[in-house]
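Before any comments, here is the structure.
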Amino acid sequence: MKKTLYILSIAVMALFGLTSCDSYFDVNLEDQATMEEIFSKSTTTRQYLAHCYSFIPQDERPNNYEGGVVTRSDEALFGSSSNPTVWYKFRQGDYSSATPTSIQNGNFWAKYYKGIAQCTTFMENVHLDLEDSEELRNVMAAEARFLRAFYYFCLFRHYGPVIVWGDQPADQNAVGKELDRDPLEKNINFI
């Protein structure tokens, strides 16, 4: 009797597992805000600019994996085996191309390019904000332009010459192996 009940319960669970929930995965994106809707209001335009600021590194904090200022001193003590930072890994010789790529391991490439893309998008669309004055829109666009240059500088100080997309958005279909760094002069002139 127990065996029959066991087989029956497995069959019922299998039937529940084989049923499909197609409607659950059908995502309707019509309720998502478009760029025109985001930048048509003063509050959402300012929120977008505030998001552009969120990529600023915290250089003064060496234990959050971004701290780059503290460790530039000869007297600085940074990291230990109980709290290994990127700088501790450099000092021990544990950092190489085989190191996992994450912010915790010193890979800021993706973070700053996301910030650059957000700033470029902001500069392209800030003119749609008709609730603010033209003077304020120009100031906000200048802030985003500075932030974009600063993020390029952060990449440059960490990696040397990098790919500069300029005022155009990054190519979403670009393959990393096919791209080459831009010359040093182009990086410096753009920054």
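Straightening the chain between Lys41 and Arg181 buys 46.6 nm, computed as 0.36 nm per residue apart minus the Cα-Cα spacing. Each of Phe156, Phe55 has its accessible area taken with a 1.4 Å probe; listed largest first, they run Phe156, Phe55. Per-residue SASA remark: Thr43, around 90 Å² accessible (1.4 Å probe; ligands, DNA and RNA not included). Ordered by solvent-accessible area of protein heavy atoms (1.4 Å probe), largest first, the residues Tyr159, Tyr112, Tyr53, Tyr6 come out as Tyr6, Tyr53, Tyr159, Tyr112. For Asp132 and Asn173, the difference between the fully extended length at 0.36 nm per residue and the C-alpha to C-alpha distance is 11.3 nm.
Largest accessible area first, the listed residues Glu178, Glu131 line up as Glu178, Glu131 when surface is computed with a 1.4 Å probe on the assembled protein chains. Of the whole protein surface, Val164 contributes about 10 Å² of accessible area at a 1.4 Å probe radius.
The values are calculated or read from the model by the stated rules, or taken from the named source; none is laboratory data. Note that the coordinates shown come from a computational prediction; the quantities given were computed from them, not determined experimentally. Keep in mind that these areas ignore ligands, DNA and RNA; they rest on the heavy atoms of the full protein, side chains included. Shrake-Rupley method; radii C 1.70, N 1.55, O 1.52, S 1.80 Å.
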